[in-house]
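A short worksheet on the structure shown next.
The values are calculated or read from the model by the stated rules, or taken from the named source; none is laboratory data. Just so it is clear, the structure is predicted and the values come from calculations on it, not from any experiment. Heads up, the Cβs are rebuilt from the backbone with ideal geometry, glycines too, and the neighbour counts pull from every protein chain shown. Note: accessible area is taken over every heavy atom of the protein model, side chains too, but ligands, DNA and RNA are not part of it. Shrake-Rupley method; radii C 1.70, N 1.55, O 1.52, S 1.80 Å.
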Amino acid sequence: MSILVACSGGQSLDGKVKLQIVEKIKELETSEYDLYYFKIDYDTYFLQVDKIVSDTYLDAESKRVIFGYDGVNYTSLELKGMPQDEWNKHKEYMLRLIEQIGLDGQKETIQFSKPYDSEQENEVFIYTSHMKEVQDKPFTKTNKKYILNLIEGQLLVTSVEFDRFTYGSDRTEEEIKSQLAEMKYQMHEDQPVEYLEDTIVLQGVAEK
């Protein structure tokens, strides 16, 4: 289901459309998690996000490294159309590696903000806050800002900005607290980002 918007620039979105936007960002986050942890291949990912993101977003993401080993990195572009047997070989290797370093038991909890109207016509923002845990211990904290624009009557994700903090045993509790407080995308127009009550939890990796 794509997000169709009848109103033009300068008008606030109604509640139904805003709810649809949040649901679409949830779908995008789930699809990208599944791609990174080998639950789906790139072609399946592309079909799932086709009505959520713009061509501009996909072009920018095509250079993103999905995985790499033995000195070779594989980007989204290189995975598109990859033969299934080749994909399966990469998947098998990476799942073994993920298990060896203990990331197979990870859990990522994601919060979603309400949609924010932009000063720009036909533009909307949504923020997400991610807490990834490994073996019930904090691993990374990520804040994202999604930008959606009205394109041919549909609100599509055109870009995403993010800031990430990785926990480490060498940091003191005070250092962690200070660096978390300094992370970007916690404020919108000098006000704390307002998050909705519902969250999603993504966990584990694909089965071998």
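Annotations
- In segment 199-208, residue farthest from residue 113 (Cα to Cα) [restricted to those that are in contact (Cβ under 8 Å) with a residue 12 or more places away in the chain and part of a loop (DSSP other than H, G, I, E, B)]: 208
- Scanning segment 42-57 for residues that are within 23 Å of residue 107 (Cβ to Cβ) and either in contact with a strand residue (DSSP E or B) (Cβ under 8 Å, 6 or more places away or on another chain) or open to solvent by 10 Å² or more (accessible area, probe 1.4 Å) (or both) yields a count of 2.
- Residue count, segment 158-198 (criterion: assigned to a strand (DSSP E or B), among the basic types (Lys, Arg) and over 20 Å from residue 137 (Cα atoms)): 0
Each row is one residue, and each column tells you yes or no for (1) of a type outside the set (D, E, K, R); (2) closer than 24 Å to residue 102 by Cβ; (3) open to solvent by less than 40 Å² (accessible area, probe 1.4 Å).
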position: 120; (1), (2), (3): yes, no, no
position: 136; (1), (2), (3): no, yes, no
position: 139; (1), (2), (3): yes, yes, no
position: 142; (1), (2), (3): yes, yes, yes
position: 161; (1), (2), (3): no, no, no
position: 167; (1), (2), (3): yes, yes, no
position: 174; (1), (2), (3): no, no, no
position: 198; (1), (2), (3): no, no, no
position: 208; (1), (2), (3): no, yes, no
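- Per-region count, segment 69-118, residues assigned to a loop (DSSP other than H, G, I, E, B) and within 23 Å of the chain's Cα centre (by Cα): 8
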